[in-house]
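All remarks here apply to the structure that follows.
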Amino acid sequence: PIPPDHVYHEMNRVAVQMTEETGKSFAIWKEAKSRLLGAGFVDVVESRYKWPINDWSEDPKWQEIGKFNQLRLHLGLEGYMVRLLTLVLEVRE
């Protein structure tokens, strides 16, 4: 688990706030099941999985998943957050 004072918690808080201001949702994972049911799908099953953000695990499968997720975060997160913050700040002006 990520400690409560980790920068990812603050980033998530800011992302949720900024996406709400644009009318979008950063917490789509929390809403997916209800949205699918609302769209008419039936027998929707929600499954939760661990989602490692680095190679912390001793299990080679989880190490590989963690390494790819860490790469995804490092390569894409900055651009996403800069775009989101820029969009929201432009809307506010």
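Observations, loosely collected:
- Separation in nanometres of the label points that stand 7 Å from Cα toward Cβ, at Arg83 and Ser47: 2.9
- Which label in [x] -0.28, -0.52, -1.33; [y] -0.46, -0.82, -1.22; [z] -0.32, -0.59, -1.40 gives the computed log10 I(q)/I(0) by the Debye sum over Cα atoms at q = 0.11, 0.15, 0.25 Å⁻¹: [y]
- The residues packed around Gly66, meaning those with a beta-carbon under 15 Å from its beta-carbon, carry a net charge of 0 if Lys and Arg are +1 and Asp and Glu are -1.
- Take the chain with all the other protein chains still there, run a 1.4 Å probe, and you get 82 Å² of accessible area per residue.
- Loop sites in region 1-50: trypsin sites (Lys or Arg not before Pro), DSSP, at most 16 other Cβ within 10 Å: Lys24, Arg48, Lys50
- With contributions of -39500 (n - 2.57) from each DSSP H run of at least four residues, the per-residue ellipticity at 222 nm computed over the chain stands at -22000 deg cm²/dmol.
- In region 26-71, GluC sites (Glu not before Pro) in a DSSP loop with at most 14 other beta-carbon atoms within 10 Å: Glu46, Glu58
- Among the protein heavy atoms of the chain, carbon and sulfur supply 59% of the accessible surface, probe 1.4 Å, non-protein parts ignored.
- Relative contact order %, the chain, counting alpha carbon pairs below 8 Å whose residues are six or more apart: 22
- Two-site FRET efficiency, Ala39 against Glu10, from Cβ-Cβ distance with R₀ of 30 Å, rounded to 0.05: 0.35
The values are calculated or read from the model by the stated rules, or taken from the named source; none is laboratory data. The model shown is predicted, which means the values in this text are computed figures rather than measured ones. Methodologically, a virtual Cβ is constructed for each residue, glycine included, from the backbone with ideal geometry; neighbour enumeration extends over all protein chains shown. With ligands, DNA and RNA removed, areas are computed over all heavy atoms of the protein, side chains included. Shrake-Rupley method; radii C 1.70, N 1.55, O 1.52, S 1.80 Å.
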